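Below is one structure; the comments refer to it alone.
The values are calculated or read from the model by the stated rules, or taken from the named source; none is laboratory data. Being a predicted model, the structure only gives us computed values, none of them experimental. We place every Cβ from the backbone using ideal geometry, glycine too, and count neighbours over all the protein chains shown. Only protein heavy atoms, including side chains, enter the accessible area calculation; ligands, DNA and RNA are left aside. Shrake-Rupley method; radii C 1.70, N 1.55, O 1.52, S 1.80 Å.
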Amino acid sequence: MPGLVSPKNSPLGAPSPPIFVPDPARKTEHSNGAKTPSPSTTRARPAKKPASEKLPIDETSLDNPDLGPFLLKLARDTIGSGENPNKALDYAIRASKSFERCSGPGLDLAMSLHVVAAICCNLGRFEEAVRVLERSIEVSDLKNGSDHALAKFSGYMQLGDTYSMLGQLEQSILCYGSGLKIQKETLGESDPRVAETCRYLAEAHVQVMQFDEAEKYCRNTLEIRRKHNSPASVEEAADRRLMALIYEAKGDYESALEHLVLASMIMIANGQDNEVAAIDMGIGDIYLSLCRFDEAVFSYQKALTVMKSMRGENHPSVASVFIRLADLYYKTGKLRESKSYCENALRIYAKPLPGIVPEELASGLTEIAAIYEAVNEPEEALNLLQKAMKLLDDTPAQRSSIAGIEAQMGVMFYMVGRYRDAWTSFESAISKLRAGGERKSAYFGVVLNQMGLAGVQLYKLDEAAQLFEEAKEILEQECGLCHADTLGVYTNLAATYDAMGRVEAAIEMLEHVLKVREEQLGTANPDFDDEKKRLADLLKEAGRARNRKGKSLENLLDPNSQKTKKEGSKRRSGFGYKT
């Protein structure tokens, strides 16, 4: 059974667009001094809340128009000095109250609310930050000029970042889109700052695997940069790497390779050897996907040499190259070399260098686990996945990554016959993916299908049918009617319907599968004859007794599936399930 592997980490290096927050001292230049978080689901851990130290608020003093700017400056100074962030939060809240009393809704109030929200996020109080940012958007009026418009833009972008930290990626993208619309109306569609926001949206769409939308925004970024930047800029190289990642995900490897080669040439011209090595890894990935193995080895070895010399032999980036070489040698049938490279990577991860974030280690362990799964060592794969899980905190920002690991563990449990554990792992993964807004992605559809298979093994036919039906709808939308994953779900659903006694529904489903395979994929497809025979058997039995009871699952599952304990028969029909 193919395993479920989380998408590889994106090697993206473009800077995030700046968050706009007005400065109380200057009405024309606005900055809160904070770097906008990336839309990636990998986040730094929020600071632990120290004991609250709220200062007493004299409500009458808030009517002083000089108090708001003074308190806001105190909040900024307190943050800069590294003192208790709760004190800074209290200053910022009092500043916002003063601004609201003295000047009402407007630029000053929005500015102070942005600072309040930033401190709330630093304290891990994301839900509170959402409410504050929604208020900041309400008080910024587009009719009052460009400063107010850009403040509203800043509020939307900061709100999108906060939703991203909560793992609500779809909501995050909606906020980024609203911000981009305001920015275009205010600055014009070709402003260089619009390019940064378009790239930001492209990265966000990559996170939720909406690659067509990501391609559109990344192309917009390249077009705008072409008008303003000099040829062969570092920014263009970063955008081309993103575009290559998108094309690779869509299976257009030749286009991906073209963008990576151009990015490599730009980085060489700019003397960025470290970035060239990272791009060489991406080029190796594309060659591997194209089965151009010798060229892939050359690219990986080239990257490995540079990374060892620049970062040291025990750096996780070196381990990342080892993992890619292990995958390559597995795919070329050289299992001894593959395992050796896996062990080399594990030695590096066993003694991580200071400053290496746990998320990077967890990602590497997950990729090694996928290789052990592929070479049919599920127990070792499970062990690595459990180690990866322990490295990640169960925070909203990490839940998408945790869900990917749980889904992969579900596959491992299924492979070793631990169907109850598989069901539990898939159930937890699906719950997190739903909460994170990934319920429409193809990956989510595949996980639903895998959970349905575990449900069949546990004889939870009603639940399995519901899971297959939901997976069918998603994969039809995301992959199309003729995709192998979609057809596999059709077959699984037909088998489940038959086991439940819904023969007509099973016949209809199989007839559709055969029609698609014959018209789109051809009768030479290896599954065509098997499914044709299954349909003939169903039609024959349906003709004899349409209202018969559903046949035992023992006659539906493949030979490696769990036997029915009630009946000791060894008879198996060819009506199996697709993984």
Region 432-485 - residue that is part of a loop (DSSP other than H, G, I, E, B) and open to solvent by less than 30 Å² (accessible area, probe 1.4 Å) and, of those, modelled with the lowest pLDDT = Gly437
Go over the candidates Glu427, Glu367 one by one and state the one that is surrounded by fewer than 21 Cβ atoms within 10 Å (Cβ to Cβ) and either touching an Asp or Glu at 6+ places or on another chain (Cβ under 9 Å) or closer than 22 Å to Leu467 by Cβ (or both).
-> Glu427
Ile348, sole failed condition from (1) under 22 Å from the mean Cα position of the chain (by Cα); (2) open to solvent by less than 20 Å² (accessible area, probe 1.4 Å) = (1)
Of all residues in region 342-368, which are small (Gly, Ala, Ser) and outside any helix (DSSP H, G or I)?
-> Gly355
Log entry, pairs with first residue in region 393-405 being free of Cβ contacts under 8 Å to residues at least 12 places away in the same chain and more than 25 Å from Glu373 (Cβ to Cβ), second being open to solvent by less than 40 Å² (accessible area, probe 1.4 Å) and assigned to a helix (DSSP H, G or I), beta carbons closer than 9 Å, six or more apart or on different chains, reads none
From (1) farther than 30 Å from Asn86 by Cβ; (2) open to solvent by less than 50 Å² (accessible area, probe 1.4 Å); (3) at pLDDT below 95; (4) aliphatic (A, V, I, L, M), pick out the condition that doesn't hold for Ala214.
-> (3)
With the checklist (1) open to solvent by 30 Å² or more (accessible area, probe 1.4 Å); (2) modelled with pLDDT under 95 in hand, flag the one item Tyr329 doesn't pass.
-> (2)
Output the number of the condition that Met310 fails; it satisfies all remaining conditions of (1) under 26 Å from Glu337 (Cα atoms); (2) surrounded by 17 or more Cβ atoms within 10 Å (Cβ to Cβ).
-> (2)
Quickly run through region 104-113 and pick out the residues that are in a helix (DSSP H, G or I) and either more than 11 Å from Leu89 (Cα to Cα) or open to solvent by 10 Å² or more (accessible area, probe 1.4 Å) (or both).
-> Leu107, Asp108, Leu109, Ala110, Met111, Leu113
Residue match in region 392-415 (condition: on the phi > 0 side of the Ramachandran plot and either out of contact with any Phe, Trp or Tyr (no Cβ under 8 Å at 6 or more places or on another chain) or open to solvent by 40 Å² or more (accessible area, probe 1.4 Å) (or both)) | no
